[in-house]
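**Student:** One structure, pasted below without further comment.
What follows draws every value from the coordinates through simple rules; no lab data is involved. Since the model is a prediction, treat every value here as computed from it, not as a measurement. No Cβ is skipped: glycine too gets one built from the backbone with ideal geometry, and neighbour counts run over all protein chains shown.
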Amino acid sequence: MDSIIVRGNGPLNGVIPIAGAKNACLALMPATLLSDEPLTLTNAPRLSDIKTMGVLLESLGAEVSSLNEGRVMILSSHGADNPLAHYDIVRKMRASNLVLGPLLARHGKAIVSLPGGCAIGARPMDIHVTAFEAMGAVIELKDGYLHADAPGGLKGAEIDFHFASVGATENVMMAATLAKGTTVINNAAREPEIIDLADCLRRMGAQIDGDGSSTITIQGVESLHGATHPVVADRIELGTYMLAPAFTGGEVELLGGRRDLLGAFCDRLEEAGVDISETDSGLKVVHKSGRVRAVNIKTEPYPGFPTDLQAQMMALMCTADGVSVLEETIFENRFMHAPELVRMGAQIDVQGGMATVTGVERLRGAPVMATDLRASVSLILAGLAAEGETVVSRVYHLDRGYERVEEKLSACGALIERVKA
Ligand code: EPZ
């Protein structure tokens, strides 16, 4: 297993290109199942999770090819005749459950393994299942698989989500494009990835309104056609790299960055004393040297503070001037980076979903272990400003969601290298 070595090396200055969004692409790819015609995705990120989704779709009978070193992906499902999403693939990635809705819409049948829990939580699928039952599907759990049947096809329905689930919103929106009648999702997720998926489905001929708000209306159509769609910029990668100069001081421009992608995150970062401005090519982040101010964080569905940036913000608060409280409301176990940061000298007290961080002058480099995707990058960020050397092991977590971290940070002056195991 590879490791990444980071050494504190003073201010970062330079430009970082932001890739297409992993979490948008993982929802866009299964949309190919909704049509017999090719779906082309441009600005696709080159990540292991994207490869995993490609393997899953191929196991369902789709064809997935890529051009331009993986940045352009061409998906075709004219031969996709297998409704079974096997545990061996699904267990590797929770987002595999996003084939459930498209399979139901295409075949009137789906057999999808439950993903099982993951490092950050149990991650049940009750919201997905309840929604599809409201649309006429009969779903039962057998041998760890969801067996879903809608032999006469799905019917439009009014659906109330008890939680604004991103995946359930995506799954239902995709399935509803081919349902008979109109589907309304109340308390829908509002993340930018939802809008990006709706844009792609509309390019394919779907009739969708209200995406980006809490109420989405989908008018079912007979069929969808092929399309070409650019994957929206990755707001979590964007937020992650916006934090880098806040750790080290310096000035970094994020190409393709947009403030509207990040909701409350930018407000909290400015509250901490970091300067954010828009440029012709994206966003520029400037922080003179010195400690940032401690700020309190509560993770919430978009447009609140993103849970996927909580670990990275906690790492920054470890050397902030003051005490900050971070409340994680989305997942039940998303503080696994805390003990690793404590190894670097951080002062963090975790009580349930609340973490209290007392800022110290500087962290000290240490060997640490990545436990999940966002925790891994928070340790790298912490290493950028720590005294001495930080060795982050198990960086396969990192490769799920971040392209070429070493290159992007080295280009701005970071001392960072990957050590092949
Ligand atoms: C998406 O996961 C993202 N993944 C996650 O990013 C992100 O953290 C999450 O949304 C929240 O923003 C992808 O888009 C591929 P949810 P998803 O359904 O769809 C509970 C990353 O680091 N829930 O909004 O699985 C669930 O247990 C990943 O890139 C139910 O209880 O998130 C969780 O506590 C991590 N029942 C909360 O809702 C359900 O049926 C949020 O889940 C569904 C969800």
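**Student:** Just the number: Rg to Rh for region 273-319, Cα atoms, Kirkwood Rh, two decimals. Could the numbers behind the result be given before it?
**Tutor:** Values: Rg = 12.5 Å, Rh = 12.4 Å.
Ratio value, two decimals: 1.01.
**Student:** Now for a different question. How compact and how long is region 106-228, expressed as Rg and Dmax of its alpha-carbon atoms in Å?
**Tutor:** Calculated on Cα positions, Rg and Dmax stand at 14.1, 40 Å.
**Student:** Add +1 for every Lys or Arg and -1 for every Asp or Glu among the other residues with Cβ under 13 Å from the Cβ of L103, and state the total.
**Tutor:** 0
**Student:** Full-extension gain between T356 and V323, please, as 0.36 nm times their residue separation minus the C-alpha to C-alpha distance.
**Tutor:** Full-extension gain reported as 11.2 nm.
**Student:** Report, to two decimal places, the Cα Rg of region 14-115 normalised by 2.2 N^0.38 Å (N = number of residues).
**Tutor:** On the way: Rg = 13.4 Å, N = 102, 2.2 N^0.38 = 12.8 Å.
Against the empirical 2.2 N^0.38 Å value, I get 1.05 for region 14-115.
**Student:** Taking N as the number of residues in region 326-421, what is its Cα Rg relative to 2.2 N^0.38 Å?
**Tutor:** 1.09
**Student:** Could you sort the peptides 222-234, 61-73 by per-residue average Cβ neighbour count (10 Å cutoff), highest mean leading?
**Tutor:** My ranking of the peptides, most packed first, is 222-234, 61-73.
**Student:** Out of residues 5 or more away from M369 or on other chains, whose amide H comes under 5 Å of its own, with H placed 1.01 Å from N in the peptide plane?
**Tutor:** S393
**Student:** Can you give the calculated 222 nm mean residue ellipticity of the chain, where each DSSP H run of n ≥ 4 adds -39,500 (n - 2.57) and the sum is split over every residue, rounded to the nearest 500 deg cm²/dmol?
**Tutor:** On the way: 14 runs with 123 residues, N = 421.
Result for the chain: -8000 deg cm²/dmol, rounded to the nearest 500.
**Student:** Taking the highest mean first, how do the peptides 158-169, 196-207 order by number of other beta carbon atoms within 10 angstrom per residue? Let's see the in-between values first.
**Tutor:** Values: 158-169: 18.8, 196-207: 21.1.
Listed from highest to lowest mean packing, they are 196-207, 158-169.
**Student:** Remind me, relative contact order of the chain in percent, using alpha carbon pairs under 8 angstrom and six or more residues apart? If you can, show how the numbers build up before the last one.
**Tutor:** Details: 1068 pairs, mean separation 88.5, N = 421.
Relative contact order comes out at 21 percent.
**Student:** Okay, next question. Averaging the inverse of every distinct alpha carbon separation and then flipping it gives the Kirkwood radius. What is it for region 22-230, in angstrom units?
**Tutor:** The Cα-based Kirkwood calculation yields 16.5 Å.
**Student:** Can you check what the net charge comes to around L363, using other residues whose Cβ is under 10 Å from the Cβ of L363 (Lys, Arg +1; Asp, Glu -1)?
**Tutor:** Once positives and negatives cancel, what remains is +1.
**Student:** I've got another one for you. For region 281-390, which GluC sites (Glu not before Pro) are both in a DSSP coil and crowded by at most 15 other Cβ atoms within 10 Å?
**Tutor:** Loop-located and lightly packed - E332, E361.
**Student:** Let's test the formula: R0 of 30 Å, r as the Cβ-Cβ distance of V221 and R91. What FRET efficiency results, to the nearest 0.05?
**Tutor:** E(calc), rounded to 0.05, equals 0.30.
**Student:** Still on this model: Using the alpha carbons of the chain, what is the convex hull volume per residue in cubic angstrom, as a whole number? Numbers along the way, then the final one.
**Tutor:** Details: hull volume 51.7 nm³, N = 421.
Spelled out: Cα convex hull of the chain, divided by residues, is 123 Å³.
**Student:** Under 26 Å between alpha carbons: how many lysine pairs meet that in region 22-230, if sequence neighbours fewer than 8 apart on the same chain are excluded?
**Tutor:** 11
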